[in-house]
Amino acid sequence: MSWSDTLKGVVGNIVGQAEQGALPDILKGVLGTEGLQSILTKLQDAGFGAQVSSWLDKNKSNLPITPEQIQAALGDEHVQQIARSLGIPVDTILAGMAKMLPEIASAAGPAADPNTTPDPKSG
């Protein structure tokens with residue numbers, strides 16, 4: 001299963017059909033430019049390592065993260081840049097990321113862990 005298939009599955013499971021509208025575009029815009037590991041690293045560096053660890057550990061429940069915490073980790077300018085490029089309000093982007101990042105990181109598992117180096121033999 002490809003990363004995009006996993007992402008679509010997670011989006012479909014978490015967000016009802018009526019709500020799905022902008023979330024896939026938000027995630028594609030954010031994850032496509034930076035990658036999940038980069039975002040998780042920024043969250044860890046900003047002090048949200050407990051949340052990130054919970055998402056990557058299949059034996060733990062996902063800890064929540066707020067839109068404000070995501071904005072603090074990524075920075076106002078970066079979030080505004082994403083909003084401009086996608087034509088989506090900042091609040092919508094942050095709410096979508098807060099809702100989806102834990103599930104996407106959890107679905108990706110150890111492959112998304114910013115503290116590990118991918119094994120070239122497995123790719």
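Looking at region 72-94, which of the residues that are assigned to a helix (DSSP H, G or I) and in contact with an Asp or Glu (Cβ under 8 Å, 6 or more places away or on another chain) is modelled with the highest pLDDT?
That would be Ala73.
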Legend entry - Of all residues making up region 64-112, the number that are over 14 Å from the mean Cα position of the chain (by Cα), among the hydrophobic types (A, V, I, L, M, F, W, C) and surrounded by fewer than 18 Cβ atoms within 10 Å (Cβ to Cβ): 3
Legend entry - Test: Asp57 is under 17 Å from Asn115 (Cα atoms), of a type in the set (D, E, K, R), surrounded by fewer than 17 Cβ atoms within 10 Å (Cβ to Cβ) and without any contact (Cβ under 8 Å) to a residue 12 or more places away in the chain: yes
Inset, instruction - Name every residue in region 52-71 that is touching a Phe, Trp or Tyr at 6+ places or on another chain (Cβ under 7 Å) and part of a helix (DSSP H, G or I), in order of residue number. - result: Gln69
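The values are calculated or read from the model by the stated rules, or taken from the named source; none is laboratory data. Source: prediction; values computed, not measured. Please note: Cβ atoms are built from the backbone with ideal geometry, for glycine as well, and neighbour counts cover all protein chains shown.
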